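Below is one structure; the comments refer to it alone.
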Amino acid sequence: MGKNVKYLMRLDDASPYWDFEKWQRVHDLLREYNIFSIVAIIPHNEDADLTAKYSRDNSFIDTISSWITEGFTPGLHGYNHVMDSQDGGINPVNLRSEFAGKSLEVQREKIAKGVKIFSSWGIDTKIFIAPAHTFDKNTLEALKLESNIRIISDTIANDIYYDDGFYYIPQQSGQVREMNFALTTFCYHPNTMSEAAFSRLEKFLAKHHDKFTRFEALNMSMRKKTLYDKALSFSYFLRRRIISIAGKH
Ligand SMILES: [Zn+2]
């Protein structure tokens, strides 16, 4: 059990408004084991939770560019990271979104502006990472019309799958733990990592670093979603619903 599993790291909320010391610490820890993650970069951060908390780092683009040169993989993390919609869309991990529930026109503009900022920074990306994990059919259409991005990092499944013009890299856990999916993406938010989270990650990497892969090594197969993937997704969201109801008492 667990012999053929692969792990992938994803780090969310990189922008000039970040906790650079924590990001550097995660970066150095991954490099210690020759691990390269996906980095979800916000092109135009207007999320007050981040912009009011951190002062602007004018070295951000230089830092990120050097990490990309090393082997880290940039992903387009929405446009401004403002979750002003209460729609969960087609991956309802949260009932808040920068994208889900909005018109195609609005979403096209966000994608176009995000891609334009990335190119002004010299960053090219193949991956879309929706803030709060939430997007809908219009988001996919907007990506088709305004970008070359055809890969989504998100959804619950056993492995990468292809559906209607997009490849999906599943993202199943918010912290490291032993998983038996063919491919598991662990999603971290370095800005808010606690000392305990760092220590857990350090211990896990020391033991399991050989199971980690990187985006460039993934095989983008035209595999369709199987009944197993669908069952995983169904039970995940059912369990989440039960937990969220239980949490209200
Ligand atoms: Zn985010």
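Coordinate-derived values only; no laboratory data. All values derive from a computational prediction rather than experimental measurement. Note that we place each Cβ from the backbone using ideal geometry, even for glycine, and neighbour counts take in every protein chain shown.
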For a quick check of your reading of the filter: which GluC sites (Glu not before Pro) in the stretch 119-207 sit in a DSSP loop and have no more than 15 other Cβ atoms within 10 Å?
E178
Set the Förster distance to 22 Å, then compute FRET efficiency between K113 and M222 from the Cβ-Cβ distance, nearest 0.05.
0.10
Linear extension gain, Q24 paired with I61, 0.36 nm per residue minus alpha-carbon span
11.9 nm
Cross-link pairs K113/K230; K126/K203; K102/K144; K6/K113; K137/K224; K22/K113 - those with Cα-Cα distance over 24 Å
K113/K230; K126/K203; K6/K113; K22/K113
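Rounded, prolate or oblate: which fits the chain when a ≥ b ≥ c are the square roots of the eigenvalues of the alpha-carbon gyration tensor, with rounded for a/c under 1.5 and prolate only if a/b beats b/c?
Rounded.
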Helix-only [θ]222 nm of the chain, DSSP H runs n ≥ 4, -39500 (n - 2.57) each, per residue, nearest 500:
-11500 deg cm²/dmol
What distance in nm lies between label points placed 7 Å from Cα along the C-beta direction at H208 and N34?
2.0 nm
Phi-derived 3J(HN,Hα) across the stretch 24-34 with the Karplus relation (6.51, -1.76, 1.60, θ = phi - 60°), rounded Hz, x for Gly and Pro, is 4, 5, 5, 3, 5, 5, 5, 5, 4, 10, 6
Pop the C-beta distance of Y162 and F234 into the FRET formula with R0 = 22 Å and round what comes out to the nearest 0.05.
0.65
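Suppose a student asked you for the relative contact order of the chain, using Cα pairs under 8 Å spaced at least 6 residues apart; what percent would you report?
23 percent
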Using the Kirkwood radius over C-alpha pairs as Rh, can you work out the diffusion coefficient of the stretch 1-76 via Stokes-Einstein at 20 °C, viscosity 1.002 mPa s, in µm² per second?
160 µm²/s
What FRET efficiency comes out for L104 versus K126 if R0 is 22 angstrom and r is the Cβ-Cβ distance? Round to the nearest 0.05.
0.50
